[in-house]
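K.L.:
My questions will all concern the structure given below.
The values are calculated or read from the model by the stated rules, or taken from the named source; none is laboratory data. Computed from a prediction, not measured in an experiment: that's the story for all the values here. Counting neighbours? That spans all protein chains shown, and the Cβs are built from the backbone with ideal geometry, glycine included. Ligands, DNA and RNA are stripped out before the accessible areas are found, and what is left, the full protein with its side chains, is counted by its heavy atoms. Shrake-Rupley method; radii C 1.70, N 1.55, O 1.52, S 1.80 Å.
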Amino acid sequence: MSHSVEQPVVPDLGLAALAAVAVIGGTWAYWNQDLSAVNEFETGKYDTDITETFTPPAPGEWVPGVEVEKKVTVTNKGDVKLAALATVNQVWVRTEDVIDTDDEKEGKPIPPKAGEYFDLMFQNGDAMEYASIVSWGSEVVALESVKDAAAGMGITATVSGLDDTAAAGKWVMVNAVNTKDTDGKETNSDGKGFSDVQFIYNGIVEAEGTDGKDATPLLLEGATLNKAINTTITAKKTTTSVDENGNTVTRTETTKNAAFGYDSAKYTMTINATTVQATKSAIEEIFGAKNINKDQIDEFLAVNGNHMIAEELPAETNETVQP
């Protein structure tokens, strides 16, 4: 009789171990590589200034015929090309009352009263003249559309548009308006003179240190108090007599300026500049927001486009990333 012997079942430990490794997360020996490409973009430095040479005169130093130096440019302190606009604002205000000593109006202030505004211009014979005569830079011209306003301010050179070759690299006067209200008070009540004058610099201001092209030419150089201006009270006549009762009587008569005297007053010139990165879309938006019309914007872009920042930079090389 034969007997069969049962053999014990021995587990396949090799397969079990391999399965365990697969479950737990072991590493397969497939060929593989990890790649990465790091690109750095630097935004550059954007920094601009109104650069001026100006020492405020002490009270009593700025008298008719005296010019005060005020040299103004817009300067690029960074490394981003830019375009520039500027507005010159002028205001005259009485700082203290000028009292009439004439017997009939004794003690009354002569208009404008303290805190009230003067006209920017006054009548001098047959002509209207600015009380403050601005000396503009040599590279300042005006569009023919504003030539009358410009001529009254001493800007006589004109151009047909920003695409006129005579306008290249110059400050171009494009608008002249009257600001009727400052802090709730009329500053130029009867429209004599232009309180706000707007300019476009018809060029691109290069990055700092770029061969002297990192600043605009001078917008203005100074201001002279018109030598034709006289005081508010031009003469006083005092008469002393004895009345019928034997009393001494003194009478004062005053002669007043037919226009404004501009004494006891303050003249404020404010230069406001706007700079913008020299890209097409930025110039269109910012110039448009500053009331530069579309034709002028288009002319500016056509003339200066080759010197502006490209809005799409081409890839110069195709690099292969090495493992």
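For (1) within 29 Å of Gly44 (Cα to Cα); (2) modelled with pLDDT of 95 or more; (3) more than 20 Å from the chain's Cα centre (by Cα); (4) not small (Gly, Ala, Ser), each residue gets a yes or a no:
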position	(1), (2), (3), (4)
Ala223	no, yes, no, no
Ser264	no, no, yes, no
Lys280	yes, yes, no, yes
Asn318	yes, no, yes, yes
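K.L.:
Can you find, within the stretch 102-144, the residue that is surrounded by the fewest Cβ atoms within 10 Å (Cβ to Cβ) among those that are assigned to a helix (DSSP H, G or I) and in contact (Cβ under 8 Å) with a residue 12 or more places away in the chain? Spell out how you get there, then give the answer.
P.N.:
Narrowing the stretch 102-144 to residues assigned to a helix (DSSP H, G or I): 103-105, 144.
Now drop any that are not in contact (Cβ under 8 Å) with a residue 12 or more places away in the chain, which leaves 103, 144.
Details: Asp103: 11, Glu144: 13.
Filtering the stretch 102-144 for residues that are assigned to a helix (DSSP H, G or I) and in contact (Cβ under 8 Å) with a residue 12 or more places away in the chain, the one surrounded by the fewest Cβ atoms within 10 Å (Cβ to Cβ) comes out as Asp103.
K.L.:
Since Phe199 meets every condition but one in (1) of a type outside the set (S, T, N, Q); (2) at pLDDT 95 or above; (3) open to solvent by less than 20 Å² (accessible area, probe 1.4 Å); (4) not in a strand (DSSP E or B), which condition does it not meet?
P.N.:
Answer for Phe199: the failing condition is (4).
K.L.:
Also: Consider Val242 against the criteria (1) among the aliphatic types (A, V, I, L, M); (2) open to solvent by less than 60 Å² (accessible area, probe 1.4 Å); (3) free of Cβ contacts under 8 Å to residues at least 24 places away in the same chain: it satisfies all of them except one. Which criterion is unmet?
P.N.:
(2)
K.L.:
Which of the following residues is without any contact (Cβ under 8 Å) to a residue 60 or more places away in the chain and of a type outside the set (Val, Ile, Thr): Gly60, Gly78?
P.N.:
On the way: Gly78 fails: without any contact (Cβ under 8 Å) to a residue 60 or more places away in the chain.
Result: Gly60 is the single residue among Gly60, Gly78 that is without any contact (Cβ under 8 Å) to a residue 60 or more places away in the chain and of a type outside the set (Val, Ile, Thr).
K.L.:
Separate question: Just a yes or no: is a residue in the stretch 156-169 surrounded by 22 or more Cβ atoms within 10 Å (Cβ to Cβ) and modelled with pLDDT of 85 or more? Walk me through how you get there before you give the answer.
P.N.:
Going through the stretch 156-169, the residues surrounded by 22 or more Cβ atoms within 10 Å (Cβ to Cβ) turn out to be 162, 167.
With modelled with pLDDT of 85 or more added as a condition, the list becomes 162, 167.
Yes, the conditions are met somewhere in the stretch 156-169.
K.L.:
Then there's this: Can you find a residue in the stretch 177-186 that is modelled with pLDDT of 95 or more and more than 19 Å from Phe260 (Cα to Cα)?
P.N.:
Quick first cut of the stretch 177-186, residues modelled with pLDDT of 95 or more only: none.
Checking the stretch 177-186: not a single residue is modelled with pLDDT of 95 or more and more than 19 Å from Phe260 (Cα to Cα).
K.L.:
Has the stretch 50-58 got any residue that is at pLDDT 95 or above, surrounded by 10 or more Cβ atoms within 10 Å (Cβ to Cβ) and assigned to a loop (DSSP other than H, G, I, E, B)?
P.N.:
no
K.L.:
Sticking with this structure for a sec: Please specify each residue of the stretch 261-297 satisfying the condition of being open to solvent by 60 Å² or more (accessible area, probe 1.4 Å) and not in a loop (DSSP other than H, G, I, E, B).
P.N.:
Taking the stretch 261-297 as the starting set, the residues that turn out to be open to solvent by 60 Å² or more (accessible area, probe 1.4 Å) are 266, 272, 277, 280, 284-285, 289-291, 293-295.
Residues satisfying the conditions are Lys266, Asn272, Gln277, Lys280, Glu284, Glu285, Ala289, Lys294, Asp295.
K.L.:
Report yes if some residue within the stretch 245-260 is modelled with pLDDT of 95 or more and in a loop (DSSP other than H, G, I, E, B); otherwise report no.
P.N.:
Taking the stretch 245-260 as the starting set, the residues that turn out to be modelled with pLDDT of 95 or more are none.
Within the stretch 245-260, none of the residues are modelled with pLDDT of 95 or more and in a loop (DSSP other than H, G, I, E, B).
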